[in-house]
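What follows is a single structure, written as structure tokens, with notes after it.
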Amino acid sequence: MSRHGHRPRSELTGLQNSLASIFSEASLEQLVSIARLRRSWANIVGPMMATRTEPANIETLADSGICLWIAVDHPIMAQQIRFLRDDIRKACFRHAGITNLFHIRTKIQAGAGIRAATPRKAVAKKITLSRKKAIALELTAIRDKNLRKAAFKARVAQLAYEMIPTKGVNE
């Protein structure tokens, strides 16, 4: 501790350095590679196959190559992966920087697939004429006509797109 009773400043280190002290360098590289693959999976195999398949594991082989294990939700997807293995190998290099990918193997796993996050579309609710009149009355203190008009539009839009909590739905 310093002379005033404060603790000394801590030094920030990168997350990868901290994880490297916990994991071996090889296993840390595998984690990073899987993360890159998962982020780019829809670009590697296409959006339809990405919803039914996902990269499960990267295994380092004795001959210094890499084996990519892909979880699939149906045997037909496993067959499709086998047909496309050369294209997948090239796409893994192009999109995720994975080199030395010698083997691509599949395993059946129920629920496999990376679901794309679909953005929720905002839906405006109707604002009644009486509510609009009340808003206009609230804004009569604003003397500038353009500013009053902009404030009115903003308040109506705020009410129209106001989020209403739904019961029993967790998102």
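The values are calculated or read from the model by the stated rules, or taken from the named source; none is laboratory data. The model shown is predicted, which means the values in this text are computed figures rather than measured ones. All Cβ positions, glycine included, derive from the backbone under ideal geometry; neighbour counts span all protein chains shown.
Screening the candidates 42, 56 for the property of being assigned to a strand (DSSP E or B), among the small types (Gly, Ala, Ser), over 30 Å from residue 148 (Cα atoms) and under 20 Å from the mean Cα position of the chain (by Cα) yields one hit, 56. Just checking, how many residues over segment 89-115 are in a helix (DSSP H, G or I) and under 21 Å from the mean Cα position of the chain (by Cα)? Of the residues in that region, 6 qualify. Look at (1) modelled with pLDDT under 90; (2) closer than 17 Å to residue 114 by Cβ; (3) of a type outside the set (Phe, Trp, Tyr); (4) surrounded by fewer than 18 Cβ atoms within 10 Å (Cβ to Cβ) and you find that residue 43 fails only one, number (1).
The condition of being surrounded by 15 or more Cβ atoms within 10 Å (Cβ to Cβ), within 13 Å of residue 113 (Cα to Cα), modelled with pLDDT of 70 or more and of a type in the set (Gly, Ala, Ser) holds for residue 71.
Of all residues in segment 27-54, those that are over 20 Å from residue 109 (Cβ atoms) have Cβ atoms under 8 Å from Cβ atoms of residues that are small (Gly, Ala, Ser) and modelled with pLDDT of 90 or more, 6 or more apart or on another chain, in 43/91.
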